[in-house]
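Input: a single structure, listed below in structure tokens.
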Amino acid sequence: MSDLTSHPVGEGAPDIRDMQVADLNKALRAGAKDFRRKPAFGLFFAAVYVIGGWCIYLLLFRAHLEWLAIPLTFGFPLIGPFLAVGLYDVSRRLEAGDEDWKASDIFAVVWRQRLRQLPTMAWVVIVYFLFWSFFAHMLFALFLGPSALTNVTTSYAYLLEPEGLTMLLVGAAFGAVFAFVLFALTVVSLPLLLDREVDFVTAMITSVAVIRQNPKVMLVWAFMIAALTFLAMLPGLLGLMLVLPVLGHASWHIYRLATVSGTGIAQ
């Protein structure tokens, strides 16, 4: 059996294959199956995400910056794909028929990524998230004025006024564009960087190429991710304990289904 704990299994960007909408159901079923087979890993990585979200919201309320909770609620899921790297590795091992490993093996692989291209991609995602937060702040001030930034901490009535509703609609539209651009850059690039020796620019180009070759399928996949994530965040982020692991595992299978060199369910 090959050693999946040391080096990626291939070099260079893989070729892209045509996908069908039915492939999304395959990926979700495979993701749910991976989660059932190794639930501890999914629950752990999801807990990191959920607890991190609670901490951010707690800090905002303690700093009387409650208004920032709205853009962060829409923007926080942008960093989810990077946190799912450990789930990609679990699915990679299960797909290869390798179940003789420990939790430390997964963390060792994630730790070793610091010497490769994933940290650079992490910075891309983080900077993108910060830019979205700045942009949301600018929209808030543009539509509601500087005084609202102070008064909204004690009253959310501003959001029910025409200016507030317009701001929410415009913000949601821009947020959707921001999210889709990042989705296009990361939907394949993150699992690709884990799986193969490629630079992060090549990985992002490959990811965008997948979108261009399969626009309908990937638009549906983006909508499914957004809808499931939004619904999972409603009960105090607790729904993410289930949704995030399944989507994380499924994202690995989407990568495999999108590439000619993919194995497992892609065959």
Inset, instruction - For the range 213-222, indicate whether the set of residues that are closer than 23 Å to Leu130 by Cα, of a type in the set (A, V, I, L, M) and out of contact with any Leu (no Cβ under 8 Å at 6 or more places or on another chain) is non-empty. - result: yes
Inset, instruction - Can you give me the ranges of the helices (runs of 4 or more DSSP H) entirely in the range 38-132 with at least 2 residues that are out of contact with any Pro (no Cβ under 8 Å at 6 or more places or on another chain) and either at pLDDT below 75 or closer than 24 Å to Asp199 by Cβ (or both)? - result: 69-75, 80-83, 85-95, 103-112
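The values are calculated or read from the model by the stated rules, or taken from the named source; none is laboratory data. The structure displayed is predicted, hence computed values, not measured ones. Glycine gets a Cβ as well: all are built from the backbone with ideal geometry, and neighbour counts include every protein chain shown.
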